[in-house]
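Chemist: Before I ask anything, let me first share the structure, which is written out below as structure tokens.
Just so you know, all these numbers are worked out from the coordinates, no wet-lab data involved. Keep in mind that what you see is a predicted model, and the values were worked out from it rather than measured. Neighbour counts are summed over all protein chains in view; Cβ atoms, including those assigned to glycine, are modelled from backbone coordinates with ideal geometry.
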């Protein structure tokens, strides 16, 4: 089974548990190229596959979860930039906060400010962010986007099943 179909199967399980699942329109190659030009860095190939196959996902139950697609959610990124700028250390010192990034997943308005997952365009890695908490430059996820997405969706499915929707 192709990975996108596996993801859609997990989303169907989540929906069967009573959550509201919404898929965005898939992105075109032209939209992806335009987004990369706007961002100033290339997106990882697996994330581009997600954009072409699924587009984006929102899940609403007792909590919300967003797996962002295109067009880039400028309002979400602006929140992260504001939070990172407030905590960013001086040149060469302090905590590491990405300067060029795209938010790929968070819990929207219900999460702490700037706490989610971003693709770091400077380091070329998917990484968790923790708002104002220090994240070491070397702390990043080595798994690809599809594995990350599947793991996150399975955790969400299990959480909804335990909490009863």
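Chemist: Sticking with the crude label model, points 7 Å out along Cα→Cβ, report the distance from residue 52 to residue 154 in nm, one decimal please.
Modeler: Using points 7 Å along Cα→Cβ, the separation is 2.6 nm.
Chemist: Another question, if that's okay. At R0 = 25 Å, how high is the FRET efficiency between residue 39 and residue 85 if r is their beta carbon distance? Nearest 0.05 is fine.
Modeler: Plugging the Cβ-Cβ distance into 1/(1 + (r/R0)^6) gives 0.90.
Chemist: Okay, moving on. Between residue 22 and residue 147, what is the label-to-label distance in nm when each label sits 7 Å out along the Cα-to-Cβ direction?
Modeler: In this crude label model, residue 22 to residue 147 measures out at 3.2 nm.
Chemist: In which sequence would 32, 14 go, from the one with the fewest C-beta neighbours within 10 Å to the one with the most?
Modeler: The fewest-first ordering by Cβ neighbours comes to 32, 14.
Chemist: Using Cβ contacts closer than 10 Å as the measure, can you line up 64, 129, 28 from fewest to most?
Modeler: Taking fewest neighbouring Cβ atoms as first place, the list is 28, 64, 129.
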